[in-house]
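Engineer: First the structure, then my questions, so here it is.
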Amino acid sequence: MHYATIKKFDIANGEGVRVSLFVSGCSHHCPGCFNDVAWPFEYGNEYTKEVEDEIIEACRNSYIKGLSLLGGEPFEKVNQLGLISLLRRFKKEFPNKDVWCYSGYLFDAEILNENSSIHTEVTRELIGYIDVLVDGKFVLSLKDISLKFKGSSNQRIIDVQESLKQKKVVLHRLNN
C-alpha cells in the first residue's frame, strides 16, 4: 500500500481535530475529485511500520478526537489489507477515539456484500473498527459546499456500528 499524505491536525474530515491518512489508489476516478493526484496505486510513499508508528504517535495527543481514512480509496483491496493493522492497533490503544472513513463504495450494496468485487478476508473486521462511514462516489453535478463532511448530496454519513447492530443503514446524526 502507498499513501499520499498524513495530516496530523485536520478539522475538515470528521468531527473534532483528527489525524487523517490519505491512501493512494482509487479505481472510481470521479470527475471533479478533490484528490485525483492519489488515483494511481503507486502514488506517494510506501506505507510502512514506521509510518504506522508515526500515525499512532500523532493520535496520542489529548486534543485528537480520532483517525480519518481517505484516499484514494480505503476500500480498494490492497488498501484494506494495508489498513487493517493500523485499525487494530488504533482501536486497542485508543478505545475512546473514533474512526471516520470516506469511500466511494456503498456500505450496504458493496462493502457489506460478501459477493462484491472489493470484499476481502479483512473487510468485515475493518468495518468493525470504523465508527462513521461517508459513502458514495463524489458526483460533480451534486456538489454542495454547504454540506458538512461530504462533497455531494448523494453521499451518506453512516453510523456504522449502529447500522451493524440494526442490520440496516442508520444515518449519523450529522447527515445532511
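The values are calculated or read from the model by the stated rules, or taken from the named source; none is laboratory data. Small disclaimer: the values here were computed from a predicted structure and weren't measured. Positions of Cβ are backbone-derived with ideal geometry, glycine not excepted, and every protein chain shown enters the neighbour counts. With ligands, DNA and RNA removed, areas are computed over all heavy atoms of the protein, side chains included. Shrake-Rupley method; radii C 1.70, N 1.55, O 1.52, S 1.80 Å.
Engineer: What residues of segment 77-103 lie in the reach of a label at S62, counting those whose backbone N is under 20 Å from a point 7 Å from the Cα along Cα→Cβ?
Structural biologist: Within reach of a label on S62: 93-98.
Engineer: Sticking with this one: Using the heavy atoms of the protein chains and a 1.4 angstrom probe, tell me the accessible area per residue for the chain in square angstrom.
Structural biologist: Values: 8490 Å² over 176 residues.
Here the per-residue accessible area is 48 Å².
Engineer: With springs only between Cα atoms under 10 Å, which of C59, C33, C101 fluctuates most in a Gaussian network model of the chain?
Structural biologist: Comparing C59, C33, C101 in a Gaussian network model of the chain, the most mobile one is C33.
Engineer: For E110, E50, E15, give the ranking by accessible area with the largest first, probe 1.4 Å.
Structural biologist: Numbers: E110 60, E50 125, E15 35 Å².
My answer, sorted largest first, is E50, E110, E15.
Engineer: Additional query: Pairs of Cα atoms under 8 Å, at least six residues apart: use those to get the relative contact order of the chain, whole percent.
Structural biologist: Numbers: 360 pairs, mean separation 33.0, N = 176.
Averaging sequence separation for qualifying contacts and normalising by length gives 19 percent for the chain.
Engineer: Could you please state how large a percent of the accessible area of the chain is carbon and sulfur, counting protein chains only and using a 1.4 Å probe? Can you show the working numbers first?
Structural biologist: On the way: 4400 of 8490 Å².
Looking at the chain in its full context, I get 52 percent from C and S.
Engineer: How far apart, in nanometres, would the label points at L171 and H29 be if each is projected 7 angstrom from Cα along the Cα-to-Cβ direction?
Structural biologist: Going from the L171 label point to the H29 one covers 3.2 nm.
Engineer: Determine, for each peptide in 3-11, 72-80, 21-29, the mean count of other beta carbons within 10 angstrom over its residues, then list the peptides with the highest first. Spell out each step's value before the answer.
Structural biologist: Numbers: 3-11: 16.7, 72-80: 24.7, 21-29: 21.7.
In decreasing order of mean packing, 3-11, 72-80, 21-29 become 72-80, 21-29, 3-11.
Engineer: Could you rank the peptides 87-99, 146-158 by their average count of other C-beta atoms within 10 Å per residue, with the highest value first?
Structural biologist: On the way: 87-99: 15.6, 146-158: 17.6.
Descending packing order for the listed peptides: 146-158, 87-99.
Engineer: Also: Express the relative contact order of segment 58-132 as a whole percentage, based on alpha carbon pairs under 8 Å and six or more residues apart in sequence.
Structural biologist: On the way: 80 pairs, mean separation 28.4, N = 75.
Here the relative contact order equals 38 percent.
Engineer: Please give, to one decimal in nm, the separation of the simple spin-label points placed at E121 and Q161, each 7 Å out from Cα toward the Cβ.
Structural biologist: Result: 2.7 nm between the two label points.
Engineer: Can you tell me which of A109, A38, A58 moves the most in a GNM of the chain? Springs connect C-alpha atoms under 10 Å apart.
Structural biologist: A109
Engineer: Using Cα pairs under 8 angstrom and six or more residues apart, how large is the relative contact order of segment 13-81, in percent? Please list the in-between numbers first.
Structural biologist: Details: 92 pairs, mean separation 36.2, N = 69.
Across segment 13-81, relative contact order equals 52 percent.
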